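Report on the structure given below.
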Amino acid sequence: MIKSGLTRRQALHAGAALGSFAVIGPARAARPFTPSENLVEAARKEGKITLYTATFVEVEQEVVNEFRKKFPFIRIEMIRAPGGQLITRVKTEAASGKLAADVLIHSDRGLTKGIEHIFADYTPPNAADYLPESLVSPKLWPNLTAGWSIAYNSELVKNPPKSWMDLTKPEYAGGQIAQVIAPSGGTTWTRVMFERQVLGEDYWKKQAATQPILYPSGAPCSDALVRGECSIAVLLYNICYIKKRDGAPVEIIFPPEGVPLNYYAAGVTKAAANPNAGKLFLNWCMSDEGQAFHIKELGYLTALKKPPLNPPGYDPKVVKPWSPNFEQYVKLRDQWVEEWNKTYGYRQ
């Protein structure tokens, strides 16, 4: 039974309310980032940002490098940790009055919402341009948007899957498919929630019958795909995009049933020693210019109502971007992840 305050029947009956397909406008030209002179000068005097992030170091470093091309007088010290560990560190430091972060970027909006009291009031200049469903707090903003996709090794797969339901076909059984475990974090929980709500309550059972290889996170899963240890992988587009960009034999599709979107949460902390530099950094990340860089160079999507561009093969009119209802995202997580673990025979 559902232990979240909903019975199984109520949860399934309310399925349509648990998530929604985003309405995204056509791509348009990106507007250049033009911050106020006052903010730039205040940031210049601070000259530094301490950034806590749950994103991969190599990826975030590319963002930092691009930002510093425009604002070379801002040094950025990056501290990276997995999602749960990062939240624990922030809570511990905040409780002792020693929170060092100026800016926090996290992939799990639920966990970040739970500590919103540590964040300062902050609103980017283009706040109105963002999808309402991407926002969970007036202090937290979706500087990153990750979308799920199906990737395959083009040297091994000659008849690739074309949809999520194809991943239940016997022809792809026997360890050909790899995917990330449900308990790995907020991004994967978004995918798992989408599978059950949109693809059907029996999707997990059908898909688990193909005996997929399970990985703790996207990095080893994508590495295994490149090495040929699996031939098909369910991955965040930005992870496999980097592999393809760098020359790996990887092809990627956005399944037509829907693309689960995971909106990140980023904000400036109340304890920030360099709040103006932090705001300048997030303003750039949230701007058309910053979002265009994330999309074109790193394979992220965007929570902007009208994106500055879309990645190859991503047409919102065809692939139907999907985002979870945040209330149910929080309430259903523990029980549904537990059921996923049982279905796939995964033990933590």
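The values are calculated or read from the model by the stated rules, or taken from the named source; none is laboratory data. Computed from a prediction, not measured in an experiment: that's the story for all the values here. Every residue, glycine as well, gets a Cβ built from its backbone with ideal geometry; the counts of neighbours run over all protein chains shown. The protein model used for the area step is the full one, side chains on, heavy atoms only, and it has no ligands, DNA or RNA in it. Shrake-Rupley method; radii C 1.70, N 1.55, O 1.52, S 1.80 Å.
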Legend entry - Selected residue [more than 27 Å from Pro125 (Cβ to Cβ) and of a type in the set (Val, Ile, Thr)] from Val90, Val57, Val40: Val57
Inset, instruction - Determine whether Ala273 is of a type in the set (A, V, I, L, M, F, W, C) and surrounded by fewer than 20 Cβ atoms within 10 Å (Cβ to Cβ). - result: yes
Legend entry - Pairs where the first residue, in the range 119-141, is in contact (Cβ under 8 Å) with a residue 24 or more places away in the chain and more than 18 Å from Asn276 (Cβ to Cβ) and the second is open to solvent by 20 Å² or more (accessible area, probe 1.4 Å) and basic (Lys, Arg), C-beta under 8 Å, 6+ apart: Asp129/Lys305; Asp129/Lys306; Tyr130/Lys305; Leu131/Lys305; Val136/Lys113; Ser137/Lys113; Leu140/Lys113
Inset, instruction - Count, please, the residues in the range 30-62 that happen to be under 17 Å from Val268 (Cα atoms) and either in contact with a His (Cβ under 7 Å, 6 or more places away or on another chain) or β-branched (Val, Ile, Thr) (or both). - result: 6
Legend entry - Candidate set: the range 244-257, residues that are not charged (D, E, K, R) and not in a strand (DSSP E or B); chosen: the one least open to solvent (accessible area, probe 1.4 Å): Pro255
Legend entry - Search result, residues across the range 123-136 that are open to solvent by 10 Å² or more (accessible area, probe 1.4 Å) and either part of a loop (DSSP other than H, G, I, E, B) or touching a Lys or Arg at 6+ places or on another chain (Cβ under 8 Å) (or both): Thr123, Pro125, Asn126, Asp129, Leu135, Val136
Inset, instruction - Identify all residues within the range 258-270 that are open to solvent by 10 Å² or more (accessible area, probe 1.4 Å) and more than 18 Å from the chain's Cα centre (by Cα); write none if there are none. - result: Lys270
Legend entry - Residues satisfying the stated conditions in the range 31-47, i.e. open to solvent by less than 60 Å² (accessible area, probe 1.4 Å) and out of contact with any Ser or Thr (no Cβ under 8 Å at 6 or more places or on another chain): Pro35, Leu39, Val40, Ala42, Ala43, Glu46, Gly47
Legend entry - Residue within the range 287-302 that is open to solvent by less than 10 Å² (accessible area, probe 1.4 Å) and of a type in the set (D, E, K, R) present: yes
Legend entry - Flag for Thr343 being surrounded by fewer than 20 Cβ atoms within 10 Å (Cβ to Cβ) and under 29 Å from Tyr215 (Cα atoms): yes
Inset, instruction - Any residue in the range 321-348 that's closer than 28 Å to Pro256 by Cβ: show its pairings with residues that are in a loop (DSSP other than H, G, I, E, B) and not aliphatic (A, V, I, L, M) at Cβ separation under 6 Å, as long as the two are six or more apart or on different chains. - result: Trp322/Gly258; Leu332/Ser4
Legend entry - Conditions (1) open to solvent by 20 Å² or more (accessible area, probe 1.4 Å); (2) touching a residue at least 12 places away in the same chain (Cβ under 8 Å): number failed by Asp223: (2)
Legend entry - Checklist (1) within 17 Å of Phe33 (Cβ to Cβ); (2) without any contact (Cβ under 8 Å) to a residue 12 or more places away in the chain applied to Gly278, failing item: (2)
Inset, instruction - Go through the residues of the range 236-253 one by one and say whether even a single one is within 18 Å of the chain's Cα centre (by Cα) and of a type in the set (Asp, Glu). - result: no
Legend entry - Pick from the range 303-320, criterion in a helix (DSSP H, G or I) and in contact (Cβ under 8 Å) with a residue 40 or more places away in the chain, ranking: least open to solvent (accessible area, probe 1.4 Å): Val319
Inset, instruction - Please verify whether the range 193-203 includes one or more residues that are buried (at least 22 other Cβ atoms within 10 Å of the Cβ) and closer than 18 Å to Tyr314 by Cβ. - result: yes
